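Undergrad: Input: one structure, supplied below.
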Amino acid sequence: MSVELPLWRAMGYFRVLALAYAVLRYLTSYHQFLHPVSGWIYLGALSLWTLASTRAFAGPQRCTWPVLGTDLAAAVTGIVMSGVVDTPARIHAGAPTLPTIWAAGTVLGFAGKGGWRAAAFAGAVIGAANILGHGGVSPDNLHNIVLLLLAGCAIGYVIELARASEAVLTRALQVEAATRERERLSRDIHDGVLQVLALVHRQQGDAAELGRLAGEQERALRALMTGGRPSGEEPADGERDLRPLVSRHADERITVAAPATPVLMPAPAAAELAAAVAAALDNVRRHAGESARAWILVEDEPDAVTVSVRDDGPGFPAGRLAEAQRDGRLGVAQSIRGRMLDLGGSAELYSVPGEGVEVELRWPRSGHDD
């Protein structure tokens, strides 16, 4: 909902309440007017217009300039009529006009539609009507005009700030959404195409196997470009057991330890967590060597699912991850940490040179990490 809509709703209530006040005030004093019937006719017309324009004052789109112009004409007409239907003694004593505070709703409408400048224009027109048509230049008139201008300009300025803030927020959300989408695509490309290219670079493997991998990545890239899902991938809904997604990595060098009971997670979260595990194992192969061993531990706790990936490689010194990110190697930053952050979880890496690396992936079941 727009941040200014509550202000428009308040304007609508104000106009109705101000109309009720004007009618009640006239009801208690109409017998003192020179032409009371004319006053009743005006207030009747004002009531019909107020009710008819209530929906128009629900927001800046419906409240068009013709509507505001009619509203201003109604206020000015009532002020000028007050100088005709009321007695000179009452006017000189500072008696209110027929619309009384209802005219302030017109200034507020101009403020909501066009900001403080439009509010200043409407306030100046109503002020001129008070001076020329009802009482002339008097302390009461000047006091009311100043208050009306200050209130209208203040509300108009606040609405302008609200619109500017809303535009900045919308732009920031768009940039954030675009950045998250780029990071997602970068992760998918890193986990697929770049890993296959790295495999080709590292070894002269079987041509048929390399061809199969290249075909898989072609289909994955086409699915990404069309917004679809690679063939064979399960729909991302319902719940999935994390264990088979992680256990598929088990071989003579990789040991997987998981609970005996299913580790159920939302399917998208399970797939992303498993992809982060695969990215961690790919780092083991690339940096610790094909002969390095790795251990995967899956822990299903009441408040979180934790997966630890540990290897017996050479490890890395402090500052190596930040250096890799500066050099554009984003495997850890995006494929591991980025994935977990998008899930509302966390990824921590621990390493001492010569003692391997441990990656701890934690996904909180509550949706945020306490």
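Undergrad: Checking Thr97 against (1) within 20 Å of Val16 (Cα to Cα); (2) among the β-branched types (Val, Ile, Thr); (3) surrounded by fewer than 24 Cβ atoms within 10 Å (Cβ to Cβ), which test does it fail?
TA: Of the numbered conditions (1) within 20 Å of Val16 (Cα to Cα); (2) among the β-branched types (Val, Ile, Thr); (3) surrounded by fewer than 24 Cβ atoms within 10 Å (Cβ to Cβ), the odd one out for Thr97 is (3).
Undergrad: Residues in the range 119-127: is at least one open to solvent by 60 Å² or more (accessible area, probe 1.4 Å) and more than 15 Å from the chain's Cα centre (by Cα)? Quick ask: steps written out before the conclusion?
TA: Here is the first cut: in the range 119-127, the residues open to solvent by 60 Å² or more (accessible area, probe 1.4 Å) are 121.
When the remaining residues are screened for being more than 15 Å from the chain's Cα centre (by Cα), the result is 121.
Within the range 119-127 (the criterion being open to solvent by 60 Å² or more (accessible area, probe 1.4 Å) and more than 15 Å from the chain's Cα centre (by Cα)), the answer is yes, since at least one residue qualifies.
Undergrad: Among the numbered criteria (1) surrounded by fewer than 16 Cβ atoms within 10 Å (Cβ to Cβ); (2) modelled with pLDDT of 80 or more; (3) touching a helix residue (DSSP H, G or I) at 6+ places or on another chain (Cβ under 7 Å), which one does Val359 miss?
TA: (1)
Undergrad: Shifting gears a bit: Given the structure, is Ala279 assigned to a loop (DSSP other than H, G, I, E, B) and open to solvent by less than 10 Å² (accessible area, probe 1.4 Å)?
TA: no
Undergrad: Pairs needed: first member in the range 157-169, open to solvent by less than 80 Å² (accessible area, probe 1.4 Å); second member anywhere, not acidic (Asp, Glu); C-beta distance under 6 Å; at least 6 residues apart or different chains.
TA: Every condition considered, the pairs that remain are Ile159/Gly112; Glu160/Gly115; Ala162/Val3; Glu166/Val3.
Undergrad: Whether any residue in the range 74-97 is free of Cβ contacts under 8 Å to residues at least 12 places away in the same chain and more than 24 Å from Asn141 (Cα to Cα) is what I want to check.
TA: So far as the range 74-97 goes, no, none of its residues is free of Cβ contacts under 8 Å to residues at least 12 places away in the same chain and more than 24 Å from Asn141 (Cα to Cα).
Undergrad: Can you name the residue in the range 52-75 that is part of a helix (DSSP H, G or I) and open to solvent by 40 Å² or more (accessible area, probe 1.4 Å) and is also farthest from Ala120 (Cα to Cα) among such residues?
TA: Ala52
Undergrad: Still on this structure: Every residue in the range 76-104 that is under 15 Å from Ser47 (Cα atoms) and within 39 Å of the chain's Cα centre (by Cα), please.
TA: Answer for the range 76-104, where residues must be under 15 Å from Ser47 (Cα atoms) and within 39 Å of the chain's Cα centre (by Cα): Ile101, Trp102, Ala103.
Undergrad: Further question: Can you list residue pairs whose Cβ atoms sit under 8 Å apart, with the first residue in the range 250-272 being under 17 Å from Asp312 (Cα atoms) and the second being open to solvent by 40 Å² or more (accessible area, probe 1.4 Å) and in a helix (DSSP H, G or I)? Count only pairs 6 or more apart in sequence or on different chains.
TA: Matching pairs, first to second residue: Val256/Ser247.
Undergrad: If I ask for residues that are out of contact with any helix residue (DSSP H, G or I) (no Cβ under 8 Å at 6 or more places or on another chain) and either among the aromatic types (Phe, Trp, Tyr) or not in a helix (DSSP H, G or I) (or both), which ones from the range 100-137 would you list?
TA: Gly136
Undergrad: Take the residues of the range 282-322 that are in contact with an Asp or Glu (Cβ under 6 Å, 6 or more places away or on another chain) and not in a loop (DSSP other than H, G, I, E, B): which is surrounded by the fewest Cβ atoms within 10 Å (Cβ to Cβ)?
TA: Checked the range 282-322; the qualifying residue surrounded by the fewest Cβ atoms within 10 Å (Cβ to Cβ) is Thr306.
Undergrad: Are any residues in the range 33-51 open to solvent by less than 80 Å² (accessible area, probe 1.4 Å) and of a type outside the set (Phe, Trp, Tyr), and if so, which ones?
TA: Those that are open to solvent by less than 80 Å² (accessible area, probe 1.4 Å) and of a type outside the set (Phe, Trp, Tyr): Pro36, Ser38, Gly39, Leu43, Gly44, Ala45, Leu46, Ser47, Thr50.
The values are calculated or read from the model by the stated rules, or taken from the named source; none is laboratory data. All of these numbers come straight from a predicted model, not from anything done at the bench. Cβ: placed from backbone, ideal geometry, glycine included. Neighbour counts: every protein chain shown. Note: accessible area is taken over every heavy atom of the protein model, side chains too, but ligands, DNA and RNA are not part of it. Shrake-Rupley method; radii C 1.70, N 1.55, O 1.52, S 1.80 Å.
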